[in-house]
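Novice: There's a structure below that I have some questions on.
Here, each number is a calculation from the coordinates, and none is a lab measurement. Everything quoted here is computed from the prediction, not taken from an experiment. Methodologically, a virtual Cβ is constructed for each residue, glycine included, from the backbone with ideal geometry; neighbour enumeration extends over all protein chains shown.
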Amino acid sequence: MNLEAMKPPGDCCAKGMVTMKNETLERIERYKTIAIFRGVPEALTLPMAEALYEGGIRLLEITFDQQDPDRIPKTCALIEALTDRFGDKLGIGAGTVMSGEEVRSAAAAGAAFMLAPNTDPQVIRAALAVGAEPIPGAFTPTETVLAVQAGASLIKVFPAGMLGPAYIKALAAPLSHVRFLAVGGITSENQQAYLDAGAIGTGVASGLVDPELARKGAFKEITNRAMQYRLWE
């Protein structure tokens, strides 16, 4: 009997998608810190990424600028360049993802995960369809449950800094089956408190990915900052 012929169409592809999603979650749980690129000049993105990598960062989020009509080609070009440069050494995702088109374009460029500031079931489903990890933004228990029901395995609590680690702990108490990523107001001083409260990882923007430091060529300082967020061995 030909067992291969009995497999439903797309079965192998689906298994590959699940593997990639699981690898993304495993990376976040291990490396803890996602460096969020926002406002970094395009020409300085690769040097910034190299400085962060040297300091121990292993996850990057390249955000879509929703005010820029050319955001899709610009952002995806950066994702592709980073993927070509680092390969599997860095987990690279897209941020501020707010449409299915952005999901598909970012995935084609090499993004393994899709972060959003909000919960949009269509965006979540689009990410799942291309085998990427959807990480929708939520702040309330209702938003969190809606995101999970739409298929999300990891929820971005944003803006986490408004209520602090105690809110993550309170949110996780009745929703113990949900994994949380804390984003917004995270510093090297309070990061561990968010992890202790129940978050599996954090997202850090300007406190780590400082466009002004990049413009000044202060990449050694960027590396030094990255080392403060390295929580893995």
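Novice: Can you tell which of Gln192, Phe86, Gln122 lies farthest toward the positive end of the dipole of region 80-196, using +1 and -1 charges on the Cβ of basic and acidic side chains (Lys, Arg; Asp, Glu)?
Specialist: In region 80-196, that residue is Gln192.
Novice: Within region 24-228, how many Lys pairs that are eight or more residues apart, or on different chains, come under 22 Å at the alpha-carbon?
Specialist: 6
Novice: Next question. What translational diffusion coefficient, in µm²/s and rounded to a whole number, does the Stokes-Einstein relation yield for the chain at 25 °C and a viscosity of 0.890 mPa s, taking the hydrodynamic radius as the Kirkwood radius over Cα pairs?
Specialist: Value of D from the Cα-based Kirkwood radius: 137 µm²/s.
Novice: Work through the residues other than Arg30 whose Cβ is under 14 Å from its Cβ and net out their charges, Lys, Arg +1 and Asp, Glu -1.
Specialist: Charge balance in the 14 Å sphere: +1.
Novice: Turning to a different aspect of this structure: Any chance you could run the full-extension gain for Lys216 through Gln66? It's 0.36 nm times the residue separation minus the Cα-Cα distance, nm to one decimal.
Specialist: Extra length from Lys216 to Gln66 when fully extended: 51.4 nm.
Novice: Can you tell me the dipole magnitude for the chain around its Cα centre, using point charges on the Cβ only (Lys, Arg +1; Asp, Glu -1), in Debye to the nearest 20?
Specialist: It works out to roughly 300 debye.
Novice: Under unit Cβ charges (Lys, Arg +1; Asp, Glu -1), what dipole magnitude, rounded to 20 debye, does region 165-233 have relative to its Cα centre?
Specialist: 120 debye
Novice: With the chain treated as a Gaussian network of Cα nodes joined by springs under 10 Å, which of Pro165, Pro141, Pro211 yields the largest mean-square fluctuation?
Specialist: Pro141
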